[in-house]
Amino acid sequence: MSDPTAPDSAAGVPTCYRHAGRETWIRCQRCERPICPDCMTDASVGFQCPSCVSEGAKQTRSGRTAYGGLRSDNPALTTIALIGANVAVWVAIVVTGWHSSELIRRLALTPLGICSAGKESYYPNLTSEQLCLANAGAGGTWLPGVADGAYWQLITSAFTHVDVWHIGFNMLALWVLGPQLEAVLGRGRFLALYFLSALAGSTVVYWLGGESQLTLGASGAIYGLFGAYAVIVHKVGGNLGSIGALLAVNLFITFAIPNISWQGHLGGFLGGLAISALLVYAPRARRTTIQVLGLAGLTVVLVLLIVLRTFALV
């Protein structure tokens, strides 16, 4: 097909529309104008000229996931960062003394503060913290809990592990589920799911766990990912058999093995169900606004529950 606007040489050979005098028999796949090798850009079929490439870039929308999030170039990157943070804290605990590490008591969730040592039979009219400080000479060290103002424990506890099997199982589950969920939700929504699930698990522990009980581990966040995966599979009409079997095994472990926080697992799972349902069932019209407001509302509810529990303890 000839192009009447394209310059031709005297011999009737077409020349590049951008470089007069350069003979070429190659045409742009979109506009069919003749282009020389310097103007050729590989396309899915043939080549395109610089003008068509530039126009196509303007018309191409940024990639979005099915639920409104920005599509991640590398969906595994966030999961790798989370695993790295968990491993870094675990190494710090190992270096500072494993089971006797004071770092554990600083980062793990404790509803009420505890005294790491000292004779608590003295000064019965003093508060626990005053009693501990009074026994400082005998080795008393006051370690505050959430009700004493150590609110960071609600999140840092989700990055704290002691046993190798504990961090191993949690990080394996995170590696399996994390990239899949980020690919579906986008990085920002995936991080919201992870941290709010962790906070939901900690909130249930704060209410239903022992007042001086140490709780630690990423299980609340991991169970939130389990819940989210189940919701998404149900939304797309997939088979829940595989996730159901995996959940059944984890529930068995939760109640069969002592010293595992069923409260954290329950809170994280319920949180993951609620968060993912909000993300995937939000109507397309004003979807991002509804998602942001919903996540903000859920955060406010969790914060109010934490405040109410604090007033009940102090």
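Quick notes on this one:
- Some residue of the range 23-35 being in contact with a Leu (Cβ under 9 Å, 6 or more places away or on another chain), charged (D, E, K, R) and at pLDDT below 85: no
- Flag for PHE169 being without any contact (Cβ under 8 Å) to a residue 60 or more places away in the chain, part of a helix (DSSP H, G or I) and out of contact with any helix residue (DSSP H, G or I) (no Cβ under 8 Å at 6 or more places or on another chain): yes
- Considered as a group, the residues in the range 204-232 that are β-branched (Val, Ile, Thr) and under 18 Å from the mean Cα position of the chain (by Cα) include one that is surrounded by the most Cβ atoms within 10 Å (Cβ to Cβ), and that residue is ILE222.
- If you check ALA85, ALA43, ALA66 for being open to solvent by less than 60 Å² (accessible area, probe 1.4 Å) and at pLDDT 85 or above, only one passes: ALA85.
- Enumeration of residues in the range 136-193 that are over 20 Å from the mean Cα position of the chain (by Cα) and of a type in the set (Gly, Ala, Ser): ALA136, GLY137, ALA138, GLY139, GLY140, GLY145, ALA147, GLY149, ALA150
The values are calculated or read from the model by the stated rules, or taken from the named source; none is laboratory data. In this text, all values refer to a predicted model and were calculated from it rather than measured experimentally. We place every Cβ from the backbone using ideal geometry, glycine too, and count neighbours over all the protein chains shown. SASA here: full protein model, heavy atoms, side chains in, ligands and nucleic acids out. Shrake-Rupley method; radii C 1.70, N 1.55, O 1.52, S 1.80 Å.
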